[in-house]
Amino acid sequence: MAAALALFAALLFALAATLQQKGAMHLPKVSLAQPMSLLRLVGQTTWLVGTLVLGAGYLFQAAALDRGRLSVIQPLLVSTVVFALPMGYFLTRQHVGRREVSGAVAIVIGLGLFVYFGDPAGGATNASNTAWAVTIGLCVLLCVLMLMVRSDDPSRKAAVYGTVAGVLYGLASSLAIPTLGYLDEGVGTMLSHWECYALALAGVLGFVIQQVSLGTGRLAPSVATVSVANPVVAILIGIVLLDERLSRPAWHVLVAVIGLGLTFAGAIVISLARDAAGPASTPVSTGSATEAA
């Protein structure tokens, strides 16, 4: 059930990203340096629909995390990029070439191996405040360093901002584990702990930065980098902070890790793929949405 919920969440995330990108393409620019450009997104009906779909995706992800392990739920969300490719092709005329298709095939095979052979066991629902403080500090530092990267290439911009959003989403997903535990005891209990507020802040920041990534007009690298960074951060936190471990025997772990590596490799191939020359590779836009800073 947890895996099915995660896959449906991935489908909703892909649809949300495609709709949000389509809405952003009607604006001249989406940039962190120009906050009004982000506010103008609210006036785009397609973007608003995409945001509602995104909210539904979060609910299904939360339901999956409440029923399964962080280190198996988050990797399943990499399938978002597989769903996003055909949606981008039909809704925003994104170019889908052989590299994108090959990456999607690798993701499907890798996820199949990971889900079949990986069986996370054990694990805690929370960690010490000190451990969380160090983890959050490292994630923030990583995001700041990546945001300092400057490039005129739209695909590279989409990848950089997508990676930052993915790191924040991975942190938010990890914080959802203790938050959901507190919620089981009541809303008052949840609101009395800092984890729910940190979760909300990380989620909102990730959401805003993802809009800048989508505003570049490059759906594939944007979704692929979010889909890779999110589970990588969540898996590391699950292993280091929450003490989650894969199943035994050892060869199961090896095959699961190989499958996970294949999944990430496929997403990276998609994120690095450049649009082919020609009209079919250029998304339809009424403005210069390929500019983002």
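Residue-by-condition table, conditions (1) on the phi > 0 side of the Ramachandran plot; (2) assigned to a loop (DSSP other than H, G, I, E, B); (3) modelled with pLDDT under 90:
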position	(1), (2), (3)
182	no, no, no
197	no, no, no
228	no, no, yes
238	no, no, yes
242	no, yes, yes
253	no, no, yes
256	no, no, yes
| task | Output the residues belonging to region 212-238 that are crowded, with 24+ Cβ neighbours inside 10 Å and more than 13 Å from residue 78 (Cα to Cα). | result | 212, 213, 214, 215, 216, 217, 218, 219, 237, 238
| Here is a list of conditions, (1) surrounded by fewer than 16 Cβ atoms within 10 Å (Cβ to Cβ); (2) over 19 Å from the mean Cα position of the chain (by Cα), and residue 89 meets all of them except one; can you say which number that is? | (1)
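For residue 11, state whether it is over 22 Å from residue 225 (Cα atoms) and either over 19 Å from the mean Cα position of the chain (by Cα) or surrounded by fewer than 22 Cβ atoms within 10 Å (Cβ to Cβ) (or both). Steps first, answer last, please.
Numbers: over 22 Å from residue 225 (Cα atoms): no; either over 19 Å from the mean Cα position of the chain (by Cα) or surrounded by fewer than 22 Cβ atoms within 10 Å (Cβ to Cβ) (or both): yes.
Criteria not met by residue 11.
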| request: Kindly indicate whether any position in region 31-45 is modelled with pLDDT of 85 or more, within 24 Å of residue 154 (Cα to Cα), buried (at least 18 other Cβ atoms within 10 Å of the Cβ) and in contact with a Ser or Thr (Cβ under 8 Å, 6 or more places away or on another chain). | output: no
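Using the structure shown, decide if residue 101 is farther than 18 Å from residue 168 by Cα and more than 18 Å from the chain's Cα centre (by Cα). I'd like the intermediate steps shown before the answer.
Working: farther than 18 Å from residue 168 by Cα: yes; more than 18 Å from the chain's Cα centre (by Cα): yes.
When the stated conditions are applied, residue 101 passes them.
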| request: Hey, can you tell me all the residues within region 225-271 that are among the hydroxyl-bearing types (Ser, Thr, Tyr) and over 18 Å from residue 167 (Cα atoms)? | output: 247
| message | So, in region 2-35, exactly how many residues are in contact (Cβ under 8 Å) with a residue 60 or more places away in the chain, under 15 Å from residue 88 (Cβ atoms) and either hydroxyl-bearing (Ser, Thr, Tyr) or in a helix (DSSP H, G or I) (or both)? | response | 12
| query | Out of (1) buried (at least 24 other Cβ atoms within 10 Å of the Cβ); (2) out of contact with any Pro (no Cβ under 7 Å at 6 or more places or on another chain); (3) closer than 22 Å to residue 167 by Cα, the odd one out for residue 77 is which? | reply | (2)
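Going by the conditions given, is residue 158 assigned to a helix (DSSP H, G or I) and over 28 Å from residue 243 (Cβ atoms)? Full working, then the answer.
On the way: assigned to a helix (DSSP H, G or I): yes; over 28 Å from residue 243 (Cβ atoms): yes.
Yes: the conditions hold for residue 158.
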| Qualifying positions in region 248-265 - buried (at least 18 other Cβ atoms within 10 Å of the Cβ), more than 15 Å from the chain's Cα centre (by Cα) and more than 9 Å from residue 114 (Cβ to Cβ) | none
| query | Which one of 204, 167 is among the aliphatic types (A, V, I, L, M), in contact (Cβ under 8 Å) with a residue 40 or more places away in the chain and in a helix (DSSP H, G or I)? | reply | 167
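The values are calculated or read from the model by the stated rules, or taken from the named source; none is laboratory data. Given the structure is predicted, the values throughout are model-derived calculations rather than measurements. All Cβ positions, glycine included, derive from the backbone under ideal geometry; neighbour counts span all protein chains shown.
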